[in-house]
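Here the structure is laid out as structure tokens; the discussion comes afterwards.
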Amino acid sequence: MTTSIPEITLNNGVRMPQLGFGVFQVSDDDTAAAVSHALAAGYRSIDTAAIYGNEAGTGRAIAESGIDREELFITSKLWVADLGYDATLAAFDASLDKLGLDYLDLYLIHWPAPAAGLYLESWRALEHLLASGKARAIGVSNFLPEHLQKIIDLGGTVPAINQIELHPALQQRDIADFNAAHGIATEAWSPLAQGAVLADPAVTGIAARHGVSAAQAILRWHLQQGRIIIPKSVTPRRIRENLDVFGFDLTADELSVIDGLERDGRTGPHPAEFNG
Ligand SMILES: NC(=O)C1=CN([C@@H]2O[C@H](COP(=O)(O)OP(=O)(O)OC[C@H]3O[C@@H](n4cnc5c(N)ncnc54)[C@H](OP(=O)(O)O)[C@@H]3O)[C@@H](O)[C@H]2O)C=CC1
Ligand SMILES: O=C(O)C(=O)[C@@H](O)[C@H](O)C(=O)CO
């Protein structure tokens, strides 16, 4: 298995593995086991969030791995209940404590929650965390171009990342194009659409031609378009399988076939409407 994971250089020069490991909907204890499997398999980037309730389990697996901190890339996210300048700083410290770390590689505002009108205040708090060195990079998640533009208009730090729902059934080309035009890396959450696209005959046909699984074919589709991806699994075989995606290339035609699976197939809330 090839486990050399390419890196993406973010807009502040920090380098991030293009493929990481997500832990949404995993209990704290199961997260510790899954992250341990992932680190042993070769993952070095872990995506958690305060709302997942598993930062402590993530931290235990990190501590027990014995892997040098500088080799790891740890992301967590600010939940909507903690938007606002002071609340953001307190929530960041709480996440750091649970993870047992003294800095994060990436800290994201989880949702813009536009009704609260507080994400610009939180962005200023993230800029403070960046300047203090407690976060190596800062970004956002689930931000639409209108929300990103408001941050850009502040004239300070441009988000390094916008982590958005993105998979064959919901490709969000308008947001990815806006991100790219402003030097913001696009990170795909639910890159496997939580399994919803794995049985599609177009995907299974492409996978069979390459002797790989449907999940591997979809992850390859993401990687060849330069996106950062964070597939989740609690199944050791799948954890290893999802990392084994660097030994084959999809053709341009195969990429187009998967592009053709767009169906506005959102699995999560719409960012314009979600306020926590
Ligand atoms: N910023 C945000 O708002 C959000 C961020 N995220 C982040 O993105 C990560 C990934 O998204 P997530 O929603 O978890 O969904 P994914 O698209 O990663 O899909 C996970 C599902 O696919 C299954 N699966 C994983 N690998 C395989 C495989 N090789 N073959 C077959 N099935 C497989 C898993 O099963 P099993 O575990 O049983 O093996 C699980 O049911 C999250 O864990 C989280 O870190 C997710 C949602 C929102
Ligand atoms: O998984 C995430 O990161 C999310 O933001 C959401 O899925 C969130 O946790 C949620 O459940 C929204 O209804």
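The values are calculated or read from the model by the stated rules, or taken from the named source; none is laboratory data. Computed from a predicted structure; not experimentally measured. Methodologically, a virtual Cβ is constructed for each residue, glycine included, from the backbone with ideal geometry; neighbour enumeration extends over all protein chains shown. Accessible surface areas use protein heavy atoms only, side chains included; no ligands, DNA or RNA. Shrake-Rupley method; radii C 1.70, N 1.55, O 1.52, S 1.80 Å.
Across all C-alpha atoms in segment 81-152, the radius of gyration and Dmax reach 11.7, 35 Å. Relative to the compact-globule estimate of 2.2 N^0.38 Å, the Cα radius of gyration of the chain comes out at 0.96.
What whole number of Å gives the distance from the Cα centroid of segment 245-260 to the Cα centroid of segment 187-216? When both Cα centres are located, 11 Å separates them. The residues of the chain have, on average, 40 Å² of accessible surface per residue, using a 1.4 Å probe with all protein chains present.
Computed in the context of the full set of protein chains, the accessible area of segment 122-276 at 1.4 Å probe radius has 50% of its extent on carbon or sulfur.
Taking every DSSP beta bridge that has both ends in the chain, the antiparallel portion is near 15%. Springs between alpha-carbon pairs under 10 angstrom, Gaussian network model over the chain: which of Ala214, Ala90, Ala38 fluctuates most? Result for the chain, Cα springs under 10 Å: Ala90 fluctuates most. If you sort Phe92, Phe248 by accessible surface, 1.4 Å probe, largest first, the order is Phe248, Phe92. Placing unit charges on the Cβ atoms of the charged side chains and taking the dipole of segment 159-276 about its Cα centre, the candidate lying farthest along the positive direction among Ser213, Leu166, Val234 is Val234. Length gained on full extension, His128 to Val158: 9.5 nm, using 0.36 nm per residue less the C-alpha separation.
Take Arg173, project a point 7 Å from its Cα along the Cβ direction, then tell me which residues of segment 196-230 have their backbone nitrogen under 15 Å from it. Output list for this probe position: 225. Per-residue ellipticity at 222 nm, computed for the chain from helices alone with -39500 (n - 2.57) per DSSP H run of at least four residues, works out to -12000 deg cm²/dmol. The largest-to-smallest principal axis extents of the Cα set in segment 151-276 are 49, 30, 29 Å. Looking only at Arg238, Arg266, Arg209, which one moves most when the chain is put into a Gaussian network model with springs between Cα atoms under 10 Å? Top of the fluctuation ranking is Arg209.
Of the residues Val26, Leu129, Ala41, the one whose Cα sits farthest towards the positive end of the charge dipole of the chain is Ala41 (charges of +1 on Lys and Arg Cβ, -1 on Asp and Glu Cβ, taken about the Cα centre).
Segment 5-58 and segment 63-116 have Cα centres spaced 12 Å apart.
The slack in the chain from Glu146 to Ala196, taken as 0.36 nm per residue of separation less the alpha-carbon distance, amounts to 15.1 nm.
Multiply the residue separation of Asp259 and Ala94 by 0.36 nm, subtract the distance between their alpha-carbon atoms, and state the gained length in nm to one decimal.
55.4 nm
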